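Report on one structure; see the data block that follows.
The values are calculated or read from the model by the stated rules, or taken from the named source; none is laboratory data. Just so we're clear, the structure is a prediction, and the values are computed from it rather than from any experiment. Heads up, the Cβs are rebuilt from the backbone with ideal geometry, glycines too, and the neighbour counts pull from every protein chain shown. We work out accessible area using only protein heavy atoms, side chains counted, and drop any ligands, DNA or RNA first. Shrake-Rupley method; radii C 1.70, N 1.55, O 1.52, S 1.80 Å.
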Amino acid sequence: MPDIKIIRAAFREIQKLPPADLQRIYQILHRLSLGDERQTKALKGVSNLLRTRLGKWRVIWQRQDQNNIVVIKAGLRGGVYDDAFDSRDRTQPQIIEELLHPQGTILAENPSYQWNHEQDNDWYRFVYGSYRYSPILTEYQRNILDEPLKALCSQYPSSTVHQFEDSSCVVIQSAPGTGKTVCATLFACEVHRNYGWNTMLIVPEALRRDIAEFSEVKQVIEQENFWLGTFPQWLGEINPDFDSRLASPQQELEALRQALKFTRQSDITTNDVLLYQAFVLDEEKRLQDKNVMFQVNSHRVNNLLRINKKHFYKALSCRICRLDAAKILQSKLNQIPSNSDCTLLIIDEAQDYLLSELQAIISVCKAWSEQGHKTYLWLLGDLNQRIQTTDFNWGQLQIKHSIELVRNYRNSQQILEFANQFWHVAQSITAKNKCKELPLPANPQYAFENGESVKLLELDSQASAMLFLEKLAGEYSKEENRRYLLRDLAKAIKVLSKTSLDTRENLVILNPENAKGREFESCVAFCLFEGDTAPSLEESFQWYTLLTRAQSRLLVVATTAEINRLKDNGYDFFKKCDRINAHDAIKWITEVVSDTDLNQITDDVQQRLLKRCETGFLYWDTYLALQFAGVENTNLYKWETQAIALLKQHSLEHLQHELQQTQNIHLRCLLLRAMGHSWEAVTEASLLKNSDIREYEHLLKAIAKDLEAKGMPYEAARVRANIANGNYKQNFPFWQEVNSQSTPSLSLVNLLCQSFNARINKLIENQDDNL
C-alpha cells in the first residue's frame, strides 16, 4: 500500500475546513492509502500529477513512485485547478509550475509529514496537532546528515580503544527554522535502529514531551539502549549520587533570595541565579573581559558579589545547585550507560547551559572513551536565541568539527529580513563590549518562501494597544456553536509578548520561554519594544527569538513611543513594513490558521476547558486537548474534580442533553460523575476494558476517588474490586459477603442487608445445631 505524505501548505488548507469537510478529506486519503484510486484524473500533459474527488471535495497529489503519494492541495471544488483538470486542452504552464513547485520550491524541499492510516486513525487529532510528530526530512537535510552518519558508521565496529578526538564532538550551530531538533532526533533513531548504538537525547522538559510523541521515537523508546530525558534526569541516570538531591530552578531562586536577606539589595530574578553561579560561585579564572554576558551584566554581578556564598549554600540545605553538579560530574567516575559498544549523546538547546555544565559533559564523554566505550557528542543550539544569561561561546569549548544547517523551512524571506535587524542590535552590543562576534543569523536568501510583507499597526498609547487586543479577541469570538478546542486554538491568534497578559479565550499569549522552538502560521508581535533606555542584549535576543516564530504572516503592534525609542537609538526598523489600520489588521491576521503546541500552554488549556464546563457546553475534544497538554495522573484527576464541581451547577436535564450528544467515553464518564451516577459511569468505562485496559483502570480509580471523597468507602471499594477482578481485600464489616455478590444492579444498602441477614441466619443455624 502507498505511503501518504502531506506537505505543510496542504495542511494550511485542511485546517481551515469545518469538521464535516475534514472527514471527507480523510475518506479520500484513506481510499488512496488502500490503493483505491476511484474518481482520479491526471492533469493533461503531466501523468504523475493527479486529482481525486469525492462529491464536492478534492485532493490534488503527485505520485513519486509506487510506494509514495504526496498531497499538494485539499479542499472544496472550484477555482482554476478544477478547470485545469477538466479541460480538454493542455494546461497552462504556470498552473503546472505552481502544483509541481508549491511556494516556488521543488516538492522534495517542501516540509512534509507522514500519515499512516493505521497508526494515525484519529484524523482530527492528526490534523490539529499530532502531524508534527511525523516529520519527513527534506532532501537537503537528508544530504547534510548523510556525511556524519557515514563517518560514524565507518568507525564501527572496532576492537581498539577509542580516544575522544576532535571528530568525536560536533557542534550544530544553526539559525531558527532550520530543523535542528528534528534532524538530530531522526538521526538518533536511525543510528539506534540500524546499528544498535546506545543513544541518549538530552532536551528541555517541554521538548521531551514533544519528542516522545514522534512516531520514529515511539518505535525505539521502549527498546534497550535508547534514552530520552532532561539534563537532571540524565545526571541521575549516570550517577546515582544525584538522585533526589538536585535543586530545581525554583529552589535555587528561593535559596538566593534567602541569602539576599543578609544584604540591602532589591529582589532578584532567575537570570540572577545563573549569573551568581557563573560569575560568583565559580572561582576559576576566566577571560571575563571577553565574555559578553559578563560585560553587559557587570553591574548585576557586582551586586551579586555581596551575597555570601555560605548563606546561599545554607539556604539550599543538602540540595545541589547546577554549578556544583557540574563539578561533581567532572570529579567522579560516572557509570557507562549501557552494554552497547558505542554511545551517541545529543544535547539540544545547548545555549541554555552553563559553560561548566558543557565542559563536564565533554569530560564524561572523554572518560567513557578512555574506558574503551566509543562515545560521540552532538551539541545543538543557537547562541542568538539565548534568552538566559548563560556564560559561554562555542570557542570556549574548543570543538573543531561543526555542522551548519542553512536552509530555513519556517520563516518567509520578508519575516527573516525584519527579524535579522534585531540580531544586528545584539551584534552591535557585543562589538561595543569588544567580545567575540555572534554567529550569523538565518540568511533570507535561504528562506523557504518569499511571503508577504510584515505589517505594522502603530497606535498612540498602551491603552489603545490594549483596546485593539480586546477587539481582536472579540472579533474572533463571533463564531457560534464552537465545540472543538483544538480547532478553536488553531484559529486563535498567537500573540507574542515579553510581559504577561490576561488570558483571553480567543488569543494564545506566548512569552519568550514558551514560544521558543515553536512555529505558527501567523503571529501578532504585541508591544515588544516598551522601555525607556537603550535596547539591551537580553532584549535583542528575546526580540529575535520571538519574531522568528511566524511562518508567513507577522503583524507588529507598537505604540509611537516604542517606535521612537528604537529610532532615538539609531534603529529605524519599520521603514520596510506595510502600515495598516486596526480594521484591516484584524481581517488580515485572522485569515490564516495555525495549530498550537498545547504542552507549552498547559495551564491555559486547563483554564479554557474549565470555562467551558462553567457554561455547561463541553468541548467534544476535551480529553484529547488534556492529553496534548500533558495533563495526566494526579493533575488530570485534580482537573476533573474542578470540572465536576462546575458541571454540578447545571440541571440534570442539561447534563443529560450533553450526554446524549457525545459518544466519547471519557466525556460521558465525566458527565455521569457530575450527575452522581457513579455506577453508570463504571458501566460506561467497561467499554474500554478489552481495548484500553490502562484507560479503563484510570477511569475506575477516578470514580472510586469520587466516592471516597463523598465518605462512601464501601462503594469505592466495590468499584476498585472491578479492577482486581474481585480479588480486592478490605477490612470492612461484611466486605467478603458484599464483594462476592458485588454487582452494579444492587445497591449497597441491599447488599449489606442481605449480608447481615445471611450472617444472622447462619448464627441461628449454628445455635440450632448446638442444641
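State the number of lysine pairs found in region 211-321 whose Cα atoms come within less than 22 Å, restricting to pairs 8 or more positions apart or on distinct chains. Mind dumping the intermediate values first?
Values: Lys261/Lys309; Lys261/Lys310; Lys261/Lys314; Lys285/Lys309; Lys285/Lys310.
For region 211-321, the number of qualifying lysine pairs is 5.
Cross-link partners among lysines for Lys374, C-alpha distance below 17 Å, same-chain residues fewer than 8 apart left out?
Lys150, Lys366
With the dipole of the chain worked out from charges on the C-beta (+1 for Lys and Arg, -1 for Asp and Glu) around the Cα centre, which of His401, Trp115, Tyr376 lies farthest toward the positive end?
The one lying farthest along the dipole's positive direction is His401.
Quick one: Karplus J couplings for region 427-442, per residue in order, coefficients 6.51, -1.76, 1.60, θ = phi - 60°, nearest Hz, x for Gly and Pro?
Here the 3J(HN,Hα) series is 5, 5, 5, 5, 5, 4, 8, 6, 10, 4, 5, 7, x, 5, x, 5 Hz.
What's the magnitude of the charge dipole for region 526-593 around its Cα centre, counting Lys and Arg as +1 and Asp and Glu as -1 at the beta-carbon? Answer in Debye, nearest 20.
Dipole magnitude for region 526-593 comes out near 300 debye.
List, in order, the whole-Hz ³J(HN,Hα) value for each residue of region 383-399 obtained from phi through the Karplus relation with A = 6.51, B = -1.76, C = 1.60 and θ = phi - 60°; use x for Gly and Pro.
4, 6, 10, 7, 9, 10, 7, 7, 10, 9, 10, 4, x, 5, 7, 6, 9
Determine by what factor the alpha-carbon radius of gyration of region 7-56 differs from 2.2 N^0.38 Å, reporting the quotient.
Normalised by 2.2 N^0.38 Å, the Cα Rg of region 7-56 equals 1.23.
Could you compute the net charge surrounding Ser552? Neighbours are other residues with a C-beta less than 9 Å from the C-beta of Ser552; K and R count +1, D and E count -1.
-1
Between beta-carbons, use under 14 Å as the cut-off and find the net charge around Trp227, counting Lys and Arg +1, Asp and Glu -1.
Overall, the nearby charge balance is -3.
How far is the Cα center of region 494-534 from the Cα center of region 213-257, in Å?
About 29 Å separates the Cα centre of region 494-534 from the one of region 213-257.
Within the set Lys16/Lys576; Lys611/Lys638; Lys494/Lys587; Lys471/Lys491, which residue pairs have Cα atoms separated by over 26 Å? Please report the intermediate quantities before stating the final value.
Details: Lys16/Lys576 30 Å; Lys611/Lys638 15 Å; Lys494/Lys587 15 Å; Lys471/Lys491 16 Å.
As for pairs spanning more than 26 Å Cα to Cα, those are Lys16/Lys576.
Apply the a/c threshold of 1.5 to the C-alpha gyration tensor of region 295-346 and tell me whether it is rounded, prolate or oblate.
Here region 295-346 falls in the oblate category.
In the full protein assembly as shown, how much of Arg77 is accessible to a 1.4 Å probe, in Å² to the nearest 10?
The accessible area of Arg77 comes to roughly 140 Å².
With a ≥ b ≥ c taken as the square roots of the eigenvalues of the C-alpha gyration tensor of region 376-428, please select rounded if a/c is under 1.5 and otherwise prolate if a/b is larger than b/c or oblate if it is not?
It comes out oblate by the Cα gyration axes.
Based on Cβ point charges of +1 for Lys and Arg and -1 for Asp and Glu, what charge dipole magnitude is obtained for the chain about its Cα centre, in debye rounded to the nearest 20?
Around 480 debye, computed over the chain.
Would you please give the residues with an amide H less than 5 Å from that of Val556, counting only those at least 5 places away or on a separate chain, with H modeled from the backbone geometry?
Lys455, Leu456, Leu457, Ala525
With every protein chain kept in the model, how would you rank Glu695, Glu98 by accessible area, 1.4 Å probe, largest at the top?
Values: Glu695 45, Glu98 95 Å².
Order by accessible area, largest first: Glu98, Glu695.
List the aspartates and glutamates whose alpha-carbon lies under 15 Å from that of Lys648, not counting same-chain residues fewer than 8 positions away?
Cross-link targets: Glu614, Glu640, Glu658, Asp706.
For a test of the definition: using alpha carbon positions, the gyration tensor, and the 1.5 limit on a/c, classify region 49-118 as rounded, prolate or oblate.
Oblate.
How big is the dipole moment of region 206-352 about its Cα centre under a simple scheme where the beta carbon of each Lys and Arg is +1, that of each Asp and Glu is -1, and everything else is neutral? Debye, nearest 20, please.
Magnitude of the dipole: close to 1120 debye.
Probe radius 1.4 Å, ligands and nucleic acids ignored: give me the carbon and sulfur share of the accessible area of the chain as a rounded percent.
In the chain, the share of accessible area belonging to carbon and sulfur is 47 percent.
Under a 5 Å amide H to amide H cut-off, with H placed in plane at 1.01 Å, what residues pair with Thr548 once short-range neighbours are removed?
Long-range HN contacts for Thr548: none found.
Apply the Karplus parameterisation 6.51 cos²θ - 1.76 cosθ + 1.60, with θ equal to phi minus 60°, to every residue of region 551-556 and state each ³J(HN,Hα) to the nearest whole Hz, in sequence, with x for glycine and proline.
Per residue, the Karplus-derived 3J(HN,Hα) values read 8, 10, 10, 9, 10, 9 Hz.
Need the C-alpha centroid separation for region 370-441 versus region 166-211, integer Å.
One Cα centre to the other: 17 Å.
Find, to one decimal place in angstroms, the Kirkwood hydrodynamic radius of the chain, where the mean of 1/r is taken over every pair of different Cα atoms and then inverted. Present the calculation step by step, with values, prior to reporting the outcome.
Values: mean 1/r = 0.0337 Å⁻¹.
This gives a value of 29.7 Å.
Which of the peptides 236-248, 667-679 is most tightly packed, and how do the rest follow, going by the mean number of other Cβ atoms within 10 Å of each residue?
The most tightly packed comes first, giving 667-679, 236-248.
Enumerate the amide H contacts of Lys44 below 5 Å, restricted to partners 5 or more residues apart or on another chain; note that Pro and chain-start residues carry no placed amide H.
Thr91
With the contact rule set at Cα under 8 Å and sequence spacing of 6 or more, what percent relative contact order holds for the chain?
10 percent
For region 223-349, compute Rh as the Kirkwood radius over C-alpha pairs and then the Stokes-Einstein diffusion coefficient at 10 °C and 1.306 mPa s; write the answer in µm²/s, rounded to an integer.
Estimated diffusion coefficient is 96 µm²/s.
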